[in-house]
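**Student:** Structure in structure tokens, see below.
Quick note: the coordinates plus some simple rules give every number you see, no bench work behind them. On a predicted model such as this, the values are computed, not experimentally measured, just so you know. Positions of Cβ are backbone-derived with ideal geometry, glycine not excepted, and every protein chain shown enters the neighbour counts.
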Amino acid sequence: MPTSEFPQVQPFIDYLAYQKRYAHHTLISYENDLRAFFHFLTTECGTAVITEVKPVFVRSWLAGLKESGMESKSINRKISTLKSFFKYQLRQGVIEKSPMSTIVSPKIKKRLPQFVAEADLATLFNHVEFPDNWEGRTHRLILELFYNTGMRQAELVTLKESQVDKSGQTIKVHGKGNKERILPVSKELMTAILDYREQKRIVLETADREVLLVNSKGSSLYPKYVYNIVKQYLTSVTTIDKKSPHVLRHSFATHLMNNGADLNAVKELLGHSSLAATQVYTHNTIEKLKDVYKKAHPKA
């Protein structure tokens, strides 16, 4: 379904791209949600005119998604898309009242984020053998960057050499909404990064000099490659269900909290816009305390 079929969508997507500077995959999600909604309006409600959209139309669309088996989390994302879209229309003076004002998001059962145990990650970095070649060197640095900094997959894939500050022992990353944050790194990790950069110039003379991490052909990495690498190595040390870059981000945050880190500090390191997103890691810490209590207290 071409975007041109629903021209009312494009100005909003342009606004997100050029003013809000949203990531490409986020723009695609917004566009797909809106195209699906306006397709529903056209086929089921007989109109795709923004000023004619009523709350009952929105509820009908959401009800259909629920009946099709879509999870509440996915439905809430679509509600968020529509709220942002009609909020934009309000600011533009296209509508006087948003049809989303009476729409209530379905409740989502809170699930604690999965994380890899500290002992398992110690096994990964201290005992698992990485291939003695460029790929092995890259694999190890990928895992170390994820676990030592908590950066997102998109942030790692686009990480540039220029974002590494040797003197300050920090890495600057560009997160969601192109927000910058500074991440401190250990001396050991900084040494590994600088050594990797130096070896790249020796081993791969024609390698990309802009991005930090490259494959054996000297080209920048792509998300699926990184995901598969993380899954491969985590499979060798843990039996948790999820084995992804985001799980290493969860592990970074959970281990900080378990070792007494301040919640606000963890929030800044993760690049969260509010404490609400970070507070989920306190639940993991509480569960750990309960476990320790059950195992150690004679009356537990």
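**Student:** Sequence gap at least 6, Cα distance under 8 Å: using those rules, report the relative contact order of region 1-142 to the nearest whole percent.
**Tutor:** Computed over region 1-142, the figure is 18 percent.
**Student:** Could you give the length gained on full extension between LEU275 and THR26, defined as 0.36 nm per residue of separation minus the Cα-Cα distance, in nm?
**Tutor:** Here the segment from LEU275 to THR26 would lengthen by 87.4 nm.
**Student:** What does region 168-244 give for Rg and for Dmax, in Å, if only its C-alpha atoms count?
**Tutor:** 15.0, 40
**Student:** Would you list which lysines come within 17 Å of LYS295, measuring only between C-alpha atoms, while excluding same-chain residues fewer than 8 positions from it?
**Tutor:** Partners found: none.
**Student:** If you don't mind, another one. For ALA265 and SER162, what is the calculated FRET efficiency with R₀ set at 25 Å and r taken between the beta-carbons, to the nearest 0.05?
**Tutor:** 0.45
**Student:** Moving to a separate point now. As a check on your grasp of the helix formula, calculate [θ] at 222 nm for the chain: sum -39500 (n - 2.57) over DSSP H runs of n ≥ 4, divide by the residue count, round to the nearest 500.
**Tutor:** -17000 deg cm²/dmol
**Student:** Can you work out D for region 152-300 in µm² s⁻¹ from Stokes-Einstein, where Rh is the Kirkwood radius over C-alpha pairs, the temperature is 20 °C and the viscosity is 1.002 mPa s?
**Tutor:** Calculated translational D: 122 µm²/s.
**Student:** If I stretch the segment between VAL128 and VAL94 completely, what's the gain in nm (0.36 nm per residue apart, minus their alpha carbon distance), one decimal?
**Tutor:** 6.3 nm
**Student:** Here's a follow-up. Please work out how much length the chain gains when fully extended from GLN169 to GLU198, using 0.36 nm per residue of separation minus the C-alpha to C-alpha distance, in nm with one decimal.
**Tutor:** My answer for the length gained is 8.7 nm.
**Student:** Can you give the angle from 0 to 90° between the axis of helix 280-296 and the longest principal axis of the chain, with both taken from C-alpha atoms, to the nearest 10?
**Tutor:** 50
**Student:** Each residue of region 18-32 in order: what ³J(HN,Hα) in whole Hz does its phi give by Karplus 6.51 cos²θ - 1.76 cosθ + 1.60, θ = phi - 60°, with x for Gly and Pro?
**Tutor:** So the Karplus estimates, Gly and Pro as x, are 9, 9, 8, 6, 6, 5, 4, 5, 5, 4, 4, 4, 4, 5, 4 Hz.
**Student:** Follow-up. How big is the chain by the Kirkwood estimate over distinct Cα pairs, in Å?
**Tutor:** 22.2
**Student:** Quick one: plug the Kirkwood hydrodynamic radius of region 3-91 (C-alpha pairs) into Stokes-Einstein at 25 °C, 0.890 mPa s, and report D in µm²/s.
**Tutor:** In µm²/s, the coefficient rounds to 182.
**Student:** Counting alpha carbon pairs within less than 8 Å and at least 6 residues apart, what relative contact order, in whole percent, applies to the chain?
**Tutor:** Computed value for the chain: 17 percent relative contact order.
**Student:** I want to make sure I understand the PRE zone here: with the label point 7 angstrom from the Cα of ILE182 toward its beta carbon, which residues in region 136-173 have backbone N atoms less than 13 Å away?
**Tutor:** 164-173
**Student:** May I pose another question? Scan around ARG181 for amide H atoms under 5 Å from its own, H built in the peptide plane at 1.01 Å from N, and keep only partners 5 or more places away or cross-chain.
**Tutor:** Answer set, sorted by chain and number: VAL173, GLY175.
**Student:** Right, another one. What FRET efficiency comes out for ASP241 versus THR43 if R0 is 51 angstrom and r is the Cβ-Cβ distance? Round to the nearest 0.05.
**Tutor:** The calculated FRET efficiency here is 0.85.
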